[in-house]
Structure formats: structure tokens, C-alpha cells
Amino acid sequence: MSEQTKTVVQTKPIVQHDLPWNVILWNDPINLMEYVIKVLQKVFGYQADLAHKLTMEAHAGGKALVATEPREQAEMHAQKLHEFGLQATIQRQDG
Amino acid sequence: MQIEPNSDGKGITLHLNSMERQILLELPDRLETFLHLPDHATNVANRLFPRTYNEDEVEADYRKYAVEEIQNKKLADLQHAREDLSALSHGATEEDYFSEQELVLCDAGIARWIGFLNDMRLMLGTELRIEEDSDFQQMSQELPDHEAVNLEIYGVLTWLQGHLVEFF
């Protein structure tokens, strides 16, 4: 019997309140918006609508909170965003 | 430069003329220099390897292990693109050199090319001080010649990346 892999598509930004580290995406004038949307879908598994909303938020306001999660995961996600050329920082939610 | 989806529905074919191939082959050397210097205090290095933490000490600790992986990914993208371009020139006759050539990319190849193009755009865009409301037409008139050429190249790379993203 083969095991089926289930792909989880996120419809809301990842938020885990127990270990709150924020991943913040910063706007930049070089990355193309369509590219940023695709990267958010690939890195976080976000649905296109959510990725679009977060991208527009960063574009309009200079930054967007793209995930709240344990530190290790936040670091991993920030690293992935950097690999794709996006600018992201992480900080403790209460920091 | 033209892009068309492959008839089997997998990947794309990129049509490049000799000048486009030449531009794409020459730029990676400069990008590679920056990629080998992730902690160099230049605007380009800072943009290619941005900070993760605001606190200097935490950032320094984090970079010890994270930067190498980011660097490896970027260098791998660059190397793949360079090999793709070199393969087009390998064994080419003079006639081939001046004619349009086709580069067939699978899905993984498209992803690598997008990464490579994005890093090149980050390098050029940072050097050119591109801003949100930059007026490219005005910039091309005001920039010194060598920067105006880089702005043209930036435009071509933007066009290409913008089209490849559709297949990403």
C-alpha cells in the first residue's frame, strides 16, 4: 500500500502563539511583485490570494508580517526568503 | 529574445541572439565575485546577503551557519545558468554564433534561471540605486554611459525574469 502525501495549502498566515517569533518581509524596489508572490507560495505554502495580500501589504506599507512561529522555523523561513533574494528579518513577537 | 512553452507542456524554450548570449555570459563573473564575499561591506553584498536579526551579536552568530547555505544556492544557480549558456557556444560555428539559438529549460532549470536572474538584478539594481519610483527614461539620460548600459541590461533581465516567473 502506498502512502499518499498530502499537500497543505495555507489560507492564513502561519501563527503559533506559544513560541512567538515574527518573520517580517520588507519591501524592496527590485524584486518583481509576481516573483514575491510565487516565493511566498513556495516557502510558506500560502494560497495565491494570501501571498498576494501579504506582498501588497509589504509594497504599500514597507513591510508585512508573513509568519509567527517557533524561532527555528522562523530562521529557516527567513533563510529561504534570502535564498530567493527577498529581504526578511525575524524578531521576538514582544521584542 | 523570445520565450515559448515547450510543446510537451514541460518547461520552456528561450530564444537568444548572439548579443543576448554574450551579455548573459559576461555578467556572472561580476556577480560571482560578490557571492564569494558575503560579509564584504558593500551595498551589493548587503543586498545579496541581508540581515536576519537586528542585534549585531545574534546576527553574527546566525550568519556563521546560514550564509554558507544561501551562498551555495546562489552560486549553484549561477553555475547552472553559466553551463547552459556555455553549452550553446560549445562547438558552435561562426554562423551559429551570429544566429539565434535555443535554450530548452525544464521546470528545475527555470527555477535556477529565475534565481540567477534575480541575483543579477539585485546586483545591478543596487549598483544603479534603483528606487520604487525610479524613472528609467530619465535615469538613462542622466547616468554616465557605462551605467546607462547597465540600466539597459537591467531592463532586459527584468523582462526575462518577469516572463519566466509565469512558469515558476
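What follows draws every value from the coordinates through simple rules; no lab data is involved. Note that the structure is predicted; figures quoted are calculated from it, not measured. Reconstructed Cβ throughout: ideal geometry from the backbone, glycine too, with neighbour counts over all protein chains shown.
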Packing-wise, with mean Cβ within 10 Å as the measure, how do A:43-54, B:111-122 rank, highest first? B:111-122, A:43-54
If every alpha-carbon in region A:14-92 counts as one equal scatterer, what log10 I(q)/I(0) does Debye give at q = 0.24, 0.27 1/Å? -1.13, -1.40
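Taking neighbour counts of Cβ atoms within 10 Å as a proxy for exposure, in what order, fewest first, do B:TYR154, B:TYR65, B:TYR53 appear? It would help to have the intermediate numbers written out before the result.
Numbers: B:TYR154 22, B:TYR65 10, B:TYR53 17.
Least to most surrounded, the residues fall as B:TYR65, B:TYR53, B:TYR154.
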If the reach is capped at under 29 angstrom between alpha carbons, list the lysines near A:LYS12, excluding any in the same chain fewer than eight residues apart. A:LYS38, A:LYS42, A:LYS53, A:LYS63, A:LYS80, B:LYS73
Yeah, region B:2-161 with a ≥ b ≥ c from its alpha-carbon gyration tensor (a/c under 1.5 is rounded, else prolate when a/b outruns b/c, oblate otherwise) is oblate
Taking θ as phi - 60°, what are the ³J(HN,Hα) couplings along region A:71-80 by the Karplus curve (6.51, -1.76, 1.60), each to the nearest whole Hz, with x for Gly and Pro? 4, 4, 5, 4, 5, 4, 5, 4, 4, 4
From Cα pairs below 8 angstrom and at least 6 apart in sequence, can you work out the relative contact order of chain B, rounded to a whole percent? 29 percent
Taking B:LYS64 as the anchor, which aspartates and glutamates have their alpha carbon closer than 18 Å to its alpha carbon, excluding any fewer than eight residues away along the same chain? A:GLU72, A:GLU75, A:GLU83, B:ASP39, B:GLU55, B:ASP56
Compute, for region A:14-92, the length of the dipole vector about the Cα centre, with Cβ point charges of +1 (Lys, Arg) and -1 (Asp, Glu) only. Units Debye, rounded to 20. 60 debye
Could you compute the net charge surrounding B:TYR154? Neighbours are other residues with a C-beta less than 11 Å from the C-beta of B:TYR154; K and R count +1, D and E count -1. -2
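Quick one: if the Förster radius is 51 Å, what FRET efficiency do B:MET19 and A:ASP49 give, using the C-beta to C-beta distance and rounding to 0.05?
Calculated transfer efficiency: 0.80.
Quantify how strongly other chains surround peptide B:48-55 by giving the mean number of their Cβ atoms within 10 Å of each of its Cβ atoms.
On the way: counts 2, 1, 10, 6, 12, 5, 4, 2.
Going residue by residue through B:48-55 and averaging, the value is 5.
Can you check what the net charge comes to around A:ALA60, using other residues whose Cβ is under 12 Å from the Cβ of A:ALA60 (Lys, Arg +1; Asp, Glu -1)?
With Lys, Arg at +1 and Asp, Glu at -1, the net is 0.
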Can you classify the protein assembly as shown as rounded, prolate or oblate using the Cα gyration tensor, where a ≥ b ≥ c are the square roots of its eigenvalues, rounded means a/c under 1.5, and otherwise it's prolate if a/b beats b/c and oblate if not? prolate
Output wanted: per-residue J couplings in Hz (rounded whole) for region A:63-68, from phi through Karplus 6.51 cos²θ - 1.76 cosθ + 1.60, θ = phi - 60°, x for Gly and Pro. 7, 9, 7, 9, 6, 10
Averaged over residues of A:22-30, the number of beta carbons from other chains lying within 10 Å of each residue's Cβ is 4
HN-Hα couplings for region B:20-34 via Karplus (6.51, -1.76, 1.60; θ = phi - 60°), in whole Hz with x for Gly/Pro, come out as 4, 5, 5, 4, 5, 7, 7, 5, x, 4, 5, 4, 4, 4, 5
Could you give the dipole magnitude of the protein assembly as shown about its Cα centre, charging the beta-carbon of Lys and Arg +1 and that of Asp and Glu -1, in debye to the nearest 20? 900 debye
Give, in nm to one decimal, the length gained when the segment between A:LYS63 and A:MET76 is fully stretched (0.36 nm per residue of separation minus the Cα-Cα distance). 2.8 nm
